[in-house]
Amino acid sequence: QVQLVESGGGLVQAGGSLRVSCAASGSISRFNVMGWYRQAPGKQRELVARITIGGFTNYADSVKGRFTISRDNAKNWVYLQMNSLKPEDTAVYYCNAVNGPNDYWGQGTQVTVSS
(Lines give C-alpha, C1' and ligand atoms only; values in the text may rest on other atoms or scores of the structure.)
Protein backbone atom coordinates (compact mmCIF):
# COMPACT_ATOMS: atom_id res chain seq x y z
CA GLN A 1 0.00 0.00 0.00
CA VAL A 2 1.33 3.41 -0.96
CA GLN A 3 1.52 6.08 1.71
CA LEU A 4 2.41 9.69 1.08
CA VAL A 5 3.04 11.90 4.10
CA GLU A 6 3.43 15.65 3.74
CA SER A 7 5.25 17.90 6.16
CA GLY A 8 6.66 21.39 6.37
CA GLY A 9 3.56 23.52 6.16
CA GLY A 10 2.97 26.42 8.48
CA LEU A 11 2.36 30.13 8.82
CA VAL A 12 4.59 32.59 7.00
CA GLN A 13 4.42 36.27 6.15
CA ALA A 14 3.96 37.43 2.60
CA GLY A 15 7.26 37.45 0.78
CA GLY A 16 8.62 34.62 2.87
CA SER A 17 9.59 31.07 1.99
CA LEU A 18 8.58 27.57 2.98
CA ARG A 19 9.51 24.11 1.83
CA VAL A 20 6.96 21.34 1.98
CA SER A 21 8.10 17.75 1.75
CA CYS A 22 6.46 14.48 0.83
CA ALA A 23 7.76 11.17 2.09
CA ALA A 24 6.66 8.08 0.22
CA SER A 25 6.56 4.53 1.47
CA GLY A 26 8.79 2.50 -0.78
CA SER A 27 10.57 3.59 -3.89
CA ILE A 28 9.25 6.63 -5.76
CA SER A 29 11.01 5.45 -8.88
CA ARG A 30 7.85 3.48 -9.67
CA PHE A 31 5.87 6.71 -9.99
CA ASN A 32 5.99 8.20 -13.45
CA VAL A 33 4.79 11.53 -12.17
CA MET A 34 4.75 13.11 -8.75
CA GLY A 35 3.20 16.42 -8.01
CA TRP A 36 1.84 18.97 -5.61
CA TYR A 37 -1.72 20.19 -5.65
CA ARG A 38 -3.47 22.69 -3.43
CA GLN A 39 -6.96 23.46 -2.32
CA ALA A 40 -8.06 26.74 -0.82
CA PRO A 41 -11.32 27.08 1.12
CA GLY A 42 -14.27 27.13 -1.23
CA LYS A 43 -12.15 26.35 -4.27
CA GLN A 44 -11.37 23.27 -6.30
CA ARG A 45 -8.12 21.41 -5.93
CA GLU A 46 -5.60 22.66 -8.47
CA LEU A 47 -2.27 21.56 -9.80
CA VAL A 48 0.70 23.51 -8.46
CA ALA A 49 3.64 21.61 -9.93
CA ARG A 50 4.62 18.15 -11.09
CA ILE A 51 7.77 16.31 -12.00
CA THR A 52 8.32 13.21 -14.08
CA ILE A 53 10.67 10.34 -13.35
CA GLY A 54 13.04 11.91 -15.87
CA GLY A 55 12.97 15.25 -14.09
CA PHE A 56 10.72 17.14 -16.50
CA THR A 57 8.69 19.74 -14.61
CA ASN A 58 5.70 21.92 -15.20
CA TYR A 59 4.08 24.57 -13.06
CA ALA A 60 0.86 26.46 -12.70
CA ASP A 61 1.21 29.93 -14.19
CA SER A 62 0.49 31.46 -10.79
CA VAL A 63 3.62 29.94 -9.23
CA LYS A 64 6.11 29.99 -12.11
CA GLY A 65 9.35 31.61 -11.08
CA ARG A 66 8.50 31.35 -7.38
CA PHE A 67 8.08 27.62 -6.69
CA THR A 68 10.43 24.76 -7.46
CA ILE A 69 9.57 21.07 -7.36
CA SER A 70 12.23 18.41 -6.97
CA ARG A 71 12.43 14.72 -6.23
CA ASP A 72 15.05 12.57 -4.55
CA ASN A 73 14.56 9.09 -5.95
CA ALA A 74 17.22 7.64 -3.66
CA LYS A 75 15.53 8.88 -0.49
CA ASN A 76 11.93 8.67 -1.73
CA TRP A 77 11.14 12.31 -1.11
CA VAL A 78 9.50 15.01 -3.17
CA TYR A 79 9.87 18.66 -2.28
CA LEU A 80 8.21 21.94 -3.12
CA GLN A 81 10.28 25.01 -2.40
CA MET A 82 8.03 28.04 -2.23
CA ASN A 83 9.53 31.53 -2.37
CA SER A 84 7.99 34.99 -2.52
CA LEU A 85 4.82 33.62 -0.99
CA LYS A 86 1.58 35.54 -1.40
CA PRO A 87 -1.62 35.43 0.64
CA GLU A 88 -3.33 33.78 -2.32
CA ASP A 89 -0.97 30.82 -1.91
CA THR A 90 -2.81 29.96 1.30
CA ALA A 91 -4.22 26.44 0.94
CA VAL A 92 -3.86 22.84 1.95
CA TYR A 93 -1.06 21.36 -0.12
CA TYR A 94 -1.33 17.73 -1.20
CA CYS A 95 1.29 15.37 -2.52
CA ASN A 96 0.27 13.20 -5.46
CA ALA A 97 1.86 10.19 -7.11
CA VAL A 98 0.84 8.50 -10.34
CA ASN A 99 1.74 5.00 -11.46
CA GLY A 100 -0.15 4.06 -14.60
CA PRO A 101 -3.85 4.06 -13.77
CA ASN A 102 -3.20 4.40 -10.05
CA ASP A 103 -3.39 7.74 -8.33
CA TYR A 104 -2.26 8.29 -4.74
CA TRP A 105 -2.70 11.22 -2.36
CA GLY A 106 -1.31 12.35 0.94
CA GLN A 107 -3.38 13.81 3.74
CA GLY A 108 -2.26 17.38 3.06
CA THR A 109 -0.37 20.07 4.92
CA GLN A 110 -1.67 23.56 5.62
CA VAL A 111 0.21 26.57 4.29
CA THR A 112 -0.98 29.96 5.47
CA VAL A 113 0.49 33.20 4.16
CA SER A 114 -0.35 36.33 6.11
CA SER A 115 -0.41 39.77 4.52
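Values computed for the structure shown
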{"read-out": "Difference of contour (0.36 nm per residue) and Cα-Cα distance, Asn58 to Glu46", "value": "3.0 nm"}
{"read-out": "Per-selection Rg to Rh, the chain - Cα, Kirkwood hydrodynamic radius", "value": "0.95"}
{"read-out": "Net +/- balance of residues flanking Ala14 in space, Cβ distance below 14 Å, scoring K and R +1, D and E -1", "value": "0"}
{"read-out": "Probe 1.4 Å, accessible area per residue of region 1-71, Å²", "value": "54 Å²"}
{"read-out": "Charge sum, other residues only, whose C-beta stays under 12 Å from Val92's C-beta, Lys/Arg counted +1 and Asp/Glu -1", "value": "0"}
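The values are calculated or read from the model by the stated rules, or taken from the named source; none is laboratory data. Small disclaimer: the values here were computed from a predicted structure and weren't measured. Methodologically, a virtual Cβ is constructed for each residue, glycine included, from the backbone with ideal geometry; neighbour enumeration extends over all protein chains shown. For accessibility, only protein heavy atoms count, side chains too; no ligands or nucleic acids. Shrake-Rupley method; radii C 1.70, N 1.55, O 1.52, S 1.80 Å.
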